[in-house]
Amino acid sequence: MIPQVCKKLGIERGNTGGWFVELAEELDHNDEIDLCICAPYPQGKKLKYVKWGKNSSFYGFQKKRKEAYKYDPGLEKVFKNILTEYKPDIIHIFGTEYPHTLAMINACEDPEKIVVHIQGLVSVCAKHYFAFLPDSLTSKYTFRDLIRLDNIKRQKRKFELRGLYEKEAIKKVRHVMGRTDWDKACTNQIHPGIEYHCVQEMMRACFYRGSWERSGCEKHRLFMSQGSYPIKGLHLALEAVMILKKQYSDIKLYIAGTDITKAADIKQKLRQTYYSNYIIQLIKKWNLGGNIVFLGSLTDEEMKKQYLKSHVFLSPSVIENSPNSIGEAMLLGVPIVASDVGGVSSLISHKENGFLYPADAPYMLAYYISCLFEDGGLAERLSRNERKKAQSMYDRKDILRRLLEVYSEIKD
């Protein structure tokens with residue numbers, strides 16, 4: 001839910017989905033658009049309706065927080081009622097990760113007016129969930145995993161189950177929006193001949209202001225935007241830090257998000273996942289306790305400060321589509337080293353505006369980081385090239401124009 005709606009409802013909003021806030025603002029201020037946002041509203045017990053912005057609407061529907069990978073047929077009736085009342089010309093569905101996407105498609109009598117916006121693809125990500133983890137790790141449980149039936153193996157299975165509904169949803173629509181060669185290839189394999197529309201996402205507003213300067217960053221400081229579950233590749237980044245520490249004893253890796261290693265009391269220890277335990281083991285094994293810092297949940301401005309403080313931004317994921325964290329780093333010009341997975345090569349051109357390395361080769365991650373540590377001129381050249389590409393790729397006016405073009409094509 002966007003901040004304007006949360007304020008109306010008197011609830012707190014998290015720090016995710018900022019790119020959608022920017023788009024919603026643009027559409028709300030467009031006199032040719034009547035905008036209605038429909039999103040999960042778990043705080044209430046019935047369908048919630050409010051007006052927000054200039055003249056926009058919001059419907060909040062109830063979504064089961066537990067077993068979110070299961071299909072809820074009751075949502076079809078809820079969505080039918082919303083569609084009957086609002087009568088939209090276009091239904092733009094953001095993301096396919098949860099089954100309520102399919103419920104909305106099933107509720108709509110005319111799937112020709114639906115466009116599905118691809119963020120990640122859980123059906124594909126599931127195939128990579130175990131990537132570069134020890135085989136012995138995937139089936140083990142902590143107390144928390146056992147109680148929730150949610151170890152690494154089961155997490156992959158939940159991705160697979162959600163992926164079944166994702167595939168069904170994509171097969172039922174004619175139009176998808178995407179941003180990379182990867183999501184275009186994957187959606188076409190799921191639904192051969194589907195109409196693919198390339199539309200970028202707007203980045204959060206604060207990232208269009210300011211720029212990275214080598215003289216202003218902290219030497220040997222690395223930054224990751226998240227690392228709480230295996231796909232984000234924190235275990236691989238730690239190996240790179242281990243290698244680099246031999247040459248740069250002051251190296252620090254800062255990670256946004258919850259400290260998955262924290263166990264200040266027995267309750268916190270009992271809540272830890274087996275992946276958390278694995279990360280703790282690696283930190284101890286390689287003596288990295290003084291080199292790894294978790295930052296907790298950060299606002300957009302706090303994230304921006306972390307980017308600008310950093311010597312290098314890392315994206316060591318085992319699979320990604322078009323990570324907005326890379327887009328934000330590019331806009332600011334923070335030197336980037338990223339694993340060459342999924343759609344990342346649609347953003348980063350190796351040695352031109354960043355470095356790409358094989359995801360299973362943390363020693364190459366370490367090598368490219370050291371290149372940036374040692375060669376200030378190289379870092380500044382890549383920074384300039386990043387910003388130039390990002391300013392073109394993420395131009396707000398161009399994105400809005402292209403989006404409205406697609407809406408017109410679908411409507412006509």
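Whole-Hz ³J(HN,Hα) for each residue in the range 116-133, computed from phi via Karplus 6.51 cos²θ - 1.76 cosθ + 1.60 with θ = phi - 60°, x for glycine and proline: what do you get?
In residue order, the calculated couplings are 9, 8, 7, 9, x, 10, 5, 5, 8, 4, 4, 5, 9, 4, 8, 4, 6, 9 Hz.
Filter the GluC sites (Glu not before Pro) in the range 213-264 to those in DSSP coil with at most 15 other Cβ atoms within 10 Å of their Cβ, and list the result.
Numbers: sites: 213, 218, 239; in loops: 213, 218.
Within the range 213-264, the qualifying GluC sites (Glu not before Pro) (loop, at most 15 other Cβ atoms within 10 Å) are 213, 218.
Mean separation of Cα pairs under 8 Å and 6+ residues apart, divided by the residue count of the chain: what relative contact order is that in percent?
Numbers: 709 pairs, mean separation 61.3, N = 412.
For the chain, the relative contact order is 15 percent.
In the range 81-117, whose amide N lies under 13 Å from the spot 7 Å out along Cα-to-Cβ of residue 64? List them in ranges.
99-100
For a quick check of your reading of the filter: which chymotrypsin sites (Phe, Trp or Tyr not before Pro) in the range 201-268 sit in a DSSP loop and have no more than 13 other Cβ atoms within 10 Å?
Those that pass, being in a loop and sparsely packed, number zero.
Per 10 Å bin, what percent of the C-alpha pairs of the range 213-319 does each bin hold, from zero upward?
In whole percents, the pair-distance histogram is 14, 47, 32, 6, 0.
Could you give the accessible area per residue of the range 217-375, probe 1.4 Å, as a whole number in Å²?
37 Å²
Tilt of helix 300-309 relative to the longest C-alpha principal axis of the chain, in degrees (0 to 90, nearest 10)?
Once rounded, one gets 30 degrees.
Calculate how steeply helix 396-411 sits against the longest principal axis of the alpha-carbon atoms of the chain, using the helix alpha-carbon long axis, and give the answer as 0 to 90 degrees to the nearest 10.
Long axis of 396-411 versus the principal axis of the chain: about 40 degrees.
If you count, for each residue, the other Cβ atoms within 10 Å and average over each peptide, how do 226-233, 377-384, 310-317 line up from highest to lowest?
310-317, 226-233, 377-384
Can you give me the convex hull volume of the Cα atoms of the chain, divided per residue and expressed in Å³?
So the per-residue Cα hull volume is 143 Å³.
Give me the percent of accessible area attributable to carbon and sulfur for the chain, probe 1.4 angstrom.
Of the solvent-accessible surface of the chain, carbon and sulfur hold 48 percent.
In the range 359-373, which residues have a backbone nitrogen under 15 Å from the label point lying 7 Å from residue 214's Cα in the Cα-to-Cβ direction?
369-373
For the range 35-91, what is the relative contact order in percent, using Cα pairs closer than 8 Å and at least 6 residues apart in sequence? Write down the numbers at each step before the final one.
Numbers: 57 pairs, mean separation 17.2, N = 57.
Here the relative contact order equals 30 percent.
What distance in nm separates the simple spin-label points at residue 309 and residue 401, each placed 7 Å from Cα in the Cβ direction?
Placing both labels 7 Å along Cα→Cβ, they lie 3.9 nm apart.
Over the range 1-111, average the accessible area per residue using a 1.4 Å probe and give it in Å², no decimals.
Values: 6290 Å² over 111 residues.
Here the residues of the range 1-111 average 57 Å² of exposed surface.
Starting from the amide H of residue 257, placed 1.01 Å from N in the peptide plane, find each other amide H under 5 Å away whose residue is 5 or more places distant or on another chain.
Placed amide hydrogens put 295, 296, 297, 298 under 5 Å from residue 257.
Kindly identify the range 313-393 as rounded, prolate or oblate by the Cα gyration tensor criterion: order the square roots of the eigenvalues as a ≥ b ≥ c, call it rounded if a/c is under 1.5, otherwise compare a/b with b/c, prolate if a/b is larger, else oblate.
Cα axes put the range 313-393 in the oblate bin.
Quick one: Kirkwood hydrodynamic radius for the range 1-154, alpha-carbon pairs, angstrom, one decimal?
Working: mean 1/r = 0.0562 Å⁻¹.
Across the range 1-154, the inverse of the average 1/r is 17.8 Å.
Under 8 Å for C-alpha pairs, at least 6 residues apart: give me the relative contact order for the range 101-202, rounded to a whole percent.
35 percent
Taking only Cα atoms, what is the 0 to 90° angle, nearest 10, from helix 234-245's long axis to the longest principal axis of the chain?
30 degrees
Full extension from residue 34 to residue 77: what is 0.36 nm times the residue separation minus their Cα-Cα distance, to one decimal in nm?
Numbers: separation 43, 0.36 × 43 = 15.48 nm, distance 2.31 nm.
Separation in residues times 0.36 nm, less the Cα-Cα distance, equals 13.2 nm.
Can you work out the FRET efficiency for the pair residue 136 and residue 181, with r the C-beta to C-beta distance and R0 = 41 Å, to the nearest 0.05?
0.70
Run the helix sum for the chain: -39,500 (n - 2.57) per DSSP H stretch of 4+ residues, divided by residue count, reported at 222 nm to the nearest 500 deg cm²/dmol.
The helix contribution divided over the chain gives -13000 deg cm²/dmol.
What does the highest-first list of 80-88, 112-120, 349-357 look like by mean Cβ count within 10 Å? Please report the intermediate quantities before stating the final value.
Values: 80-88: 14.0, 112-120: 21.0, 349-357: 18.6.
Result, highest mean first: 112-120, 349-357, 80-88.
The values are calculated or read from the model by the stated rules, or taken from the named source; none is laboratory data. It should be emphasised that the depicted structure is a prediction, and the values quoted were computed from it without experimental measurement. With ideal geometry, Cβ positions are generated from the backbone for all residues, glycine too; neighbour counts draw on all protein chains shown. Just the protein is used for accessible areas: all its heavy atoms, side chains included, with ligands, DNA and RNA removed. Shrake-Rupley method; radii C 1.70, N 1.55, O 1.52, S 1.80 Å.
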